[in-house]
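Asks: Structure in structure tokens, see below.
The values are calculated or read from the model by the stated rules, or taken from the named source; none is laboratory data. Everything quoted here is computed from the prediction, not taken from an experiment. For neighbour counting, all protein chains shown are included, and Cβ atoms are generated from backbone atoms with ideal geometry for every residue, glycine included.
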Amino acid sequence: MEAGGRKSDNANENASNESVLHCQPCLQDGRELNANGFCKICKEFMCDPCISAHKRFAMSRNHVFLTKDKMPSFYMNKDKADFLPTEPCLEHRSEMIKYYCPTHDDFGCSVCIVLHHRNCKVEYLLETAKQYKESEEYNTLNENIAHMETVLSALNNEVNDSEAFVTENTKEEIQKLRNFRAEINLVLDTKENMLLKDMKENEIKQKEILSKLRVGITGLKQTLAETTTGMQTTQNQLPQHFIHAKMAKKQLVKLQGGLNKINAEIILDTSVRCTFLTDELTKSLINSSDILGRVDFSNEGITSETDIDLSTVEWTKDTELDISCTEDTSRSLITRSALVEPGKCLLADNLNACVTLVDINDNKVLSRIELLGRPWQMCALPSGHAAVALPNECKVQFMSIANDLVIAGAHIGVSGSCYGLAYNDKSLFVSCVHDEEAPADYYVERLTITGEVLQSFTTKIGFARNITVSSSSIYLSGLMRILQLDFNGSLLNTYDDPLVTLSSESINVGKERILVLARRQCHIVLINGKERNLKVILSLKDFGSLNDPHNLSFCPVSRKLLAGLEVFSAVI
């Protein structure tokens, strides 16, 4: 052994039995400190202070360290370190990984091979590693990593955009609240001034009347005083006293009349009291918990809910959308569509395994992304998001829409081939088929956005490739009928009218009203779930349609209906 704890090259190539490993940077300074970690990049053992210093420098702060219980048990020869296994075995810490088992796609040390892979055809790790970079698996791995980085970057941008939106949204709503409060203050101040003015005007009027009465009383008092003086000055002169007494008698009658008049006016004037009466409506408003207003945290997505009576409107045909893209490898088969913004729809193209965002007002393709597989039904989600069912992959893929761009997001797995997909009250509803056993099992699942199953029940309609959810019902579309269920799967009603034969997509337009695309007759049918009746509101054949559409969307803002690639406008 060399001085300072260093080993010879021969010793470096073999496991050392020495139990104490020293910090190699400190050894260069002549100090022997026990190593507590191993830098996989520098191939050096280090003590805690050196590890801390190593992580402070920009060039080495991202280096990967192995803790003391996972670091190698011997010094490495740096000249040969790039060619030697440096990862300790997870099961046998004192051994290094040297072998790879293709059968189990697993690594192991010499002990692992003896214990767990005795009958496997194992490969020497260094030889296998040399060829791995040229393999298809390695290329696919890098592609998946690149895709994951893109998705994470998109999600990070989305979080940043959402954070900015939350800040701006809060600022705008606070300003709206303060403006409303200022408006209320202005109204209250104006009303208060009006009431104060009325009270002051009444006070002035009453005081003017009382002032006149005071003048009248003063006059009566003066007349009475003069009458009394005349009688008093003639007290000893009987004839004159008699005359003044008789005059005083008549004067008192006049004075009494004046007094009665003044007294009557006083009674009338003092009976007029100024009283402030509070407004009962205002009092009830003050006692209301919603005084000023309330804060709504609704996060529902764009819906087709409308107040228009779709059973009575007339329709005109606008145009047929042109969604052809140079990236398409086949003709388009639009299986479903979803309204994500007013006038803007996502179209699921099954044959080209993609989703296209189109503006149905301007007949323009805005964005296009490729999916993990061929899509079927899709639905809009809150805050500019959407989801699409991928039946062959047994997955639901998410996407976000921002600035007229569609960005592919994460995906969740479901327990069968999912075709139908709907969203309501923070839950996803999927209609699936599980055909591993005969006969096939058709069922509906209610999931959280993260894929957790909240509820599941089988259906009696056979395989429903379309599902629509209203505020209180679930509608399942089969080949010959439509079932209306409650959220526990209990049957509420069955629509087996020929009008809905071979029904395809159906959409919720609010107030328990459902629009259904019936492909066989090329009809758009309105189902009233409350009255349990149906009515044809639009016949595509009347407009010369020769297409066989699968998708249906309605925009209540522009009052446009999309069937296949044909756009119709409601005439109100």
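Asks: Can you name the residue in segment 450-485 that is surrounded by 14 or more Cβ atoms within 10 Å (Cβ to Cβ) and among the basic types (Lys, Arg) and is also farthest from the chain's Cα centre (by Cα) among such residues?
Replies: Checking each candidate, the answer is Arg481.
Matching residues to (1) of a type in the set (Ser, Thr, Tyr); (2) at pLDDT 85 or above; (3) surrounded by 11 or more Cβ atoms within 10 Å (Cβ to Cβ):
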residue	(1), (2), (3)
Asn169	no, yes, yes
Glu172	no, yes, no
Gln175	no, yes, no
Asn179	no, yes, no
Ile204	no, yes, no
Leu213	no, no, yes
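Asks: Could you check segment 441-451 and list, in sequence order, the residues that are at pLDDT below 90 and acidic (Asp, Glu)?
Replies: Matches in segment 441-451: Asp441 only.
Asks: Let me ask something else. I'm told Thr303 meets every condition in (1) crowded, with 18+ Cβ neighbours inside 10 Å; (2) part of a loop (DSSP other than H, G, I, E, B); (3) not charged (D, E, K, R) except one. Can you identify the failing condition by its number?
Replies: Condition not satisfied by Thr303: (1).
Asks: Mind telling me which of the residues Leu125, Leu155, Leu115 ends up being of a type in the set (A, V, I, L, M), more than 30 Å from Met399 (Cβ to Cβ) and in contact (Cβ under 8 Å) with a residue 40 or more places away in the chain? Even if it seems obvious, please write down each step before you answer.
Replies: Numbers: Leu155 fails: more than 30 Å from Met399 (Cβ to Cβ); Leu115 fails: in contact (Cβ under 8 Å) with a residue 40 or more places away in the chain.
Within the list Leu125, Leu155, Leu115, the selection yields Leu125.
Asks: With the condition being within 15 Å of Leu552 (Cα to Cα), out of contact with any Pro (no Cβ under 9 Å at 6 or more places or on another chain) and assigned by TED's automatic domain parsing to the domain that holds Ala402, I'd like the strands (runs of 3 or more DSSP E) fully within segment 337-379 carrying at least 2 qualifying residues.
Replies: Details: elements: 344-349, 354-359, 364-370.
By residue number, 344-349, 354-359.
Asks: Of all residues in segment 271-289, which are hydroxyl-bearing (Ser, Thr, Tyr), in a loop (DSSP other than H, G, I, E, B) and modelled with pLDDT under 80? Please lay out each step first, then the result.
Replies: First pass over segment 271-289, keeping only residues hydroxyl-bearing (Ser, Thr, Tyr): 271, 275, 278, 282, 284, 288-289.
Applying the additional criterion that residues be in a loop (DSSP other than H, G, I, E, B) yields 275, 278, 288-289.
Hits for segment 271-289 are Ser288, Ser289.
Asks: Of (1) over 38 Å from the mean Cα position of the chain (by Cα); (2) surrounded by 11 or more Cβ atoms within 10 Å (Cβ to Cβ), Arg118 satisfies all except one. Which?
Replies: (2)
Asks: Further, regarding this structure: Somewhere in segment 486-495, is a residue over 18 Å from Ala422 (Cβ atoms), among the polar types (S, T, N, Q) and under 28 Å from the mean Cα position of the chain (by Cα)?
Replies: No; the residues of segment 486-495 include none that is over 18 Å from Ala422 (Cβ atoms), among the polar types (S, T, N, Q) and under 28 Å from the mean Cα position of the chain (by Cα).
Asks: Of the residues that make up segment 516-525, is at least one touching a residue at least 60 places away in the same chain (Cβ under 8 Å), assigned by TED's automatic domain parsing to the domain that holds Lys344 and within 25 Å of Tyr423 (Cβ to Cβ)? Reasoning before the result, please.
Replies: Filtering segment 516-525 for residues touching a residue at least 60 places away in the same chain (Cβ under 8 Å) gives none.
Scanning segment 516-525 turns up no residue that is touching a residue at least 60 places away in the same chain (Cβ under 8 Å), assigned by TED's automatic domain parsing to the domain that holds Lys344 and within 25 Å of Tyr423 (Cβ to Cβ).
Asks: Please list, ordered by first then second residue, the pairs with beta carbon atoms under 8 Å, 6 or more apart or interchain, first in segment 368-384 and over 16 Å from Cys394 (Cα atoms), second charged (D, E, K, R).
Replies: Sorted first by the residue in segment 368-384, then by its partner, the pairs are Arg368/Glu327; Glu370/Glu327; Pro382/Glu300; Gly384/Glu341.
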